[in-house]
Amino acid sequence: MKFLSWLFTVALVGGCSLLFWHYLSARSVIKKPVHFNSVDDIPLPTGYKRQYLGTASFGAWLRKVPLKADRTVYLYNGEKKGNQDAQFAVLDVSVGSKDLQQCADAVIRLYAEYLYATRQFSKIAFHATDGTLMDYSSWTKGYRFTLQQGRLKKQLTAAPAEGQAVFQQYLENVFSYAGTLSLSKELELVADPWEIKAGDVFIRGGAPGHAVIVVDIAVNGQGQKIFLLAQSYMPAQDIHILQHPGSKLSPWYSNAVSGKLLATPEWIFNWEELRRFPGTR
């Protein structure tokens, strides 16, 4: 009888707790995570406003990248990433089904998607680690970049074709042979952190190396800039906007740290590792 009485008490307490939680939720006492539809929906700290970006610029395009309602970061194979504390939001951009779209590849994808969306097809070109230029224009004409005796060879092996599926196949090929080392050589140095803008990249080339991209930027009355960073990582995973641990500005980062280190949840960069795609507006 005592055991039954104990079970009844547990069930009663559990049931009352569940009802109370639903009551609080209905009254909005317990706040559910807020979903932001796109990067430019993420709220700003007091005193800042988003910096003007040209409507056709890479930065303006990045601001409009949609965000997933689910903030969980998944790997390419559908498994959850072990560390779920690094992200503030997840970009609604495919990671693919292969372990290819890692850190530098995520930066390449975003820039390539921007060029594709704005029909700048001739500018879609990236170097492989061995120096081979893998350009999308050649790919659409049927040329393929294949590994032979340790180096890539450009050969006409397919029929000419265009379209989204062809573009995605091209990107997978780039991801297979490019990385932080090759991408860091393509980007231009941003010497002054005060000149940081959306579309810039913090990158350290090498093995291991890492890269994160600035996806939005804002400024206050004193000219101080804050920015959002996004990354993929290893293994290939959803591209996600990073938290800024220990900062009241999180997920925003500040450029008011010239000459210091930039600490992100899973990597520490030097400000001297800030780079930019040549010719970006």
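The values are calculated or read from the model by the stated rules, or taken from the named source; none is laboratory data. Predicted, not measured: the structure shown is a model, and the values here were computed from it. We place every Cβ from the backbone using ideal geometry, glycine too, and count neighbours over all the protein chains shown. Each accessible area value is taken on the protein alone, full model and side chains, heavy atoms only, with ligands, DNA and RNA left out. Shrake-Rupley method; radii C 1.70, N 1.55, O 1.52, S 1.80 Å.
Below are the figures for this structure:
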| item | result |
| --- | --- |
| Within the range 144-158, tally of residues that are surrounded by 14 or more Cβ atoms within 10 Å (Cβ to Cβ), of a type in the set (K, R) and within 14 Å of S176 (Cα to Cα) | 1 |
| Residue in the range 131-143 that is in contact (Cβ under 8 Å) with a residue 60 or more places away in the chain and open to solvent by less than 30 Å² (accessible area, probe 1.4 Å) present | no |
| Residue ID - farthest from Y177 (Cα to Cα), chosen from residues in the range 123-143 that are in a loop (DSSP other than H, G, I, E, B) and of a type in the set (S, T, N, Q) | T132 |
| Strands (runs of 3 or more DSSP E) contained entirely in the range 222-266, each with at least 3 residues that are within 14 Å of the chain's Cα centre (by Cα) and under 21 Å from R50 (Cα atoms) | 225-231, 240-242 |
| Residue match in the range 104-115 (condition: open to solvent by 30 Å² or more (accessible area, probe 1.4 Å) and either part of a loop (DSSP other than H, G, I, E, B) or touching a strand residue (DSSP E or B) at 6+ places or on another chain (Cβ under 8 Å) (or both)) | no |
| Near pairs, Cβ below 8 angstrom, 6+ apart or cross-chain, from the range 69-86 (among the acidic types (D, E)) to any residue that is open to solvent by less than 80 Å² (accessible area, probe 1.4 Å) | D70/V90; D85/Q243; D85/P265 |
| Leading residue by the ranking (least open to solvent (accessible area, probe 1.4 Å)) among those in the range 83-102 that are in contact with a helix residue (DSSP H, G or I) (Cβ under 9 Å, 6 or more places away or on another chain) and in a loop (DSSP other than H, G, I, E, B) | Q101 |
| Residue under evaluation T118, criteria (1) in contact (Cβ under 8 Å) with a residue 60 or more places away in the chain; (2) on the phi > 0 side of the Ramachandran plot; (3) over 19 Å from the mean Cα position of the chain (by Cα), criterion not met | (2) |
| K153, sole failed condition from (1) touching a residue at least 24 places away in the same chain (Cβ under 8 Å); (2) closer than 23 Å to K98 by Cα | (1) |
| Unmet criterion (only one of (1) assigned to a loop (DSSP other than H, G, I, E, B); (2) under 27 Å from L53 (Cβ atoms)) for A161 | (2) |
| Answer residue from the range 165-218, given it is open to solvent by 30 Å² or more (accessible area, probe 1.4 Å) and part of a strand (DSSP E or B) and is nearest to K98 (Cα to Cα) among those | R204 |
| Residue within the range 29-37 that is farther than 30 Å from N220 by Cα, in a helix (DSSP H, G or I), open to solvent by 70 Å² or more (accessible area, probe 1.4 Å) and at pLDDT below 95 present | no |
| Condition check for G54: at pLDDT 50 or above, assigned to a helix (DSSP H, G or I), of a type outside the set (A, V, I, L, M, F, W, C) and under 23 Å from the mean Cα position of the chain (by Cα) | no |
| Only listed residue being in contact (Cβ under 8 Å) with a residue 24 or more places away in the chain, surrounded by fewer than 17 Cβ atoms within 10 Å (Cβ to Cβ) and either of a type in the set (A, V, I, L, M) or under 15 Å from A89 (Cβ atoms) (or both), chosen from L261, L242, L228, L249 | L249 |
